[in-house]
Amino acid sequence: MANDAMPPAGERRRPAEPLPASEAPFDAIGLARHLLRSVRSGALATIDAADGTPFASLVTFATDSDGTPVMLLSRLSAHTRNLDHDPRASLLFSVGGKGDPLAHPRLTVTGHAARCDEPRIRERFLARHPKAKLYADFPDFGFFTLAPTAGHLNGGFAKAATLTPQELLLDMAGAEAIVAGERGAVEHMNADHADALALYAAGVGEPGSGWRLTGLDPEGLDLMAGERTARVPYPEPVRDMGALRKSLVAMAAAARAGSAAEAAPSSDGPT
């Protein structure tokens, strides 16, 4: 009996194509946004201005409030000269880890790079990369954003999806108060609520102390402790500072209750 799963003799099997994120059997949008917010360095691919050869280099990045990638680049670097000639580029976000590198999730974002002098962009990048304050104001350095045209996510074995710009980035309509109040909220949390930040980080599997808030947006918090990062989502998206405060208080209370429950002796144990 013929095997219907086998292609006819002489016919080549077509390569599998990734599904659109909306049709993927896993949370492709959530994973892609998590990688955007969590990864601090990766590969930047540009087009060589001389002969069009693909050129890859290592850069550091952060994100704007909506998730737009942000970079601090030297005007003396080859990739910057390439972008001045042709703004098309792509960024690779990969968390890495133990074992087979290809078993870990990674995200490629294609788009168009542009210089940006917005104070908010500078602030968010330097919060994520504080050592860059040493050279950020050198005359040959400048900030760039990458306006996404598409995303390609590989979440591990048999987990591939494509994403639109609207799926990669947050819709910031109605969240202007969050953007305006971000700096004050970040300073307040770092000065007065280091214990809560540690609880938030532990809640997403990143225990330990020394956590600082580097940024926030309608979907979650971005934390750092040394070179470690943690992305902490809210239970529900927020659009104003009142909703943000309520969410942070509830998250801290839930985390403390969970810690207390874990520390309590089991009723099934010996007496």
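The values are calculated or read from the model by the stated rules, or taken from the named source; none is laboratory data. Note that the structure is predicted; figures quoted are calculated from it, not measured. Glycine also receives a Cβ, built like all others from the backbone with ideal geometry; neighbour counts cover every protein chain displayed. All accessible areas refer to the heavy atoms of the entire protein, side chains included, with ligands and DNA or RNA removed. Shrake-Rupley method; radii C 1.70, N 1.55, O 1.52, S 1.80 Å.
For the structure I just gave you, tell me whether Pro270 is of a type outside the set (Asp, Glu), open to solvent by 60 Å² or more (accessible area, probe 1.4 Å) and either modelled with pLDDT under 95 or in contact with a His (Cβ under 7 Å, 6 or more places away or on another chain) (or both). Taking the combined requirement at face value, the residue satisfies it.
A quick yes/no check of all residues on (1) part of a loop (DSSP other than H, G, I, E, B); (2) open to solvent by 40 Å² or more (accessible area, probe 1.4 Å); (3) touching a residue at least 24 places away in the same chain (Cβ under 8 Å):
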{"site": "Phe55", "(1), (2), (3)": "no, yes, yes"}
{"site": "Thr60", "(1), (2), (3)": "no, yes, yes"}
{"site": "Leu72", "(1), (2), (3)": "no, no, yes"}
{"site": "Asp84", "(1), (2), (3)": "no, yes, yes"}
{"site": "Ser90", "(1), (2), (3)": "no, no, yes"}
{"site": "Gly96", "(1), (2), (3)": "yes, no, no"}
{"site": "Leu107", "(1), (2), (3)": "no, no, yes"}
{"site": "Ile121", "(1), (2), (3)": "no, no, yes"}
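Out of the residues in region 131-147 that are among the aliphatic types (A, V, I, L, M) and in a strand (DSSP E or B), state the one that is farthest from Ser22 (Cα to Cα). If we take residues in region 131-147 being among the aliphatic types (A, V, I, L, M) and in a strand (DSSP E or B), then Leu146 is farthest from Ser22 (Cα to Cα). The residues listed here are Ala32, Ala78, Ala45; of these, the one that is surrounded by fewer than 16 Cβ atoms within 10 Å (Cβ to Cβ), touching a Phe, Trp or Tyr at 6+ places or on another chain (Cβ under 9 Å), hydrophobic (A, V, I, L, M, F, W, C) and at pLDDT 95 or above is Ala78.
Answer with yes or no whether Thr145 is more than 20 Å from Val249 (Cα to Cα), free of Cβ contacts under 8 Å to residues at least 40 places away in the same chain, among the β-branched types (Val, Ile, Thr) and in contact with a strand residue (DSSP E or B) (Cβ under 8 Å, 6 or more places away or on another chain).
In short, no.
Among the residues of region 148-165, is any free of Cβ contacts under 8 Å to residues at least 12 places away in the same chain, assigned to a loop (DSSP other than H, G, I, E, B) and not hydrophobic (A, V, I, L, M, F, W, C)? No: region 148-165 contains no residue that is free of Cβ contacts under 8 Å to residues at least 12 places away in the same chain, assigned to a loop (DSSP other than H, G, I, E, B) and not hydrophobic (A, V, I, L, M, F, W, C). Pairing residues of region 221-243 that are at negative phi with residues that are among the aromatic types (Phe, Trp, Tyr) and not in a strand (DSSP E or B), at Cβ distances under 6 Å and at least 6 apart in sequence or on separate chains, gives Leu223/Trp211; Ala225/Trp211; Val232/Tyr200. Among the residues of region 172-182, those identified as crowded, with 16+ Cβ neighbours inside 10 Å and not small (Gly, Ala, Ser) are Met172, Ile178, Val179, Glu182. Output yes when any residue across region 206-224 is in contact with a strand residue (DSSP E or B) (Cβ under 8 Å, 6 or more places away or on another chain), open to solvent by less than 20 Å² (accessible area, probe 1.4 Å), of a type in the set (Gly, Ala, Ser) and closer than 20 Å to Arg120 by Cα, and no when none is. The answer is yes, given that some residue of region 206-224 is in contact with a strand residue (DSSP E or B) (Cβ under 8 Å, 6 or more places away or on another chain), open to solvent by less than 20 Å² (accessible area, probe 1.4 Å), of a type in the set (Gly, Ala, Ser) and closer than 20 Å to Arg120 by Cα. Every test in (1) more than 27 Å from Met71 (Cβ to Cβ); (2) buried (at least 19 other Cβ atoms within 10 Å of the Cβ) is passed by Leu197 save one, and that test is (1).
Take the conditions (1) touching a helix residue (DSSP H, G or I) at 6+ places or on another chain (Cβ under 7 Å); (2) buried (at least 17 other Cβ atoms within 10 Å of the Cβ); (3) assigned to a strand (DSSP E or B); Gly67 misses just one of them, which is (3). Scanning region 142-161 for residues that are surrounded by 19 or more Cβ atoms within 10 Å (Cβ to Cβ) and either at positive phi or β-branched (Val, Ile, Thr) (or both) yields one hit, Thr145.
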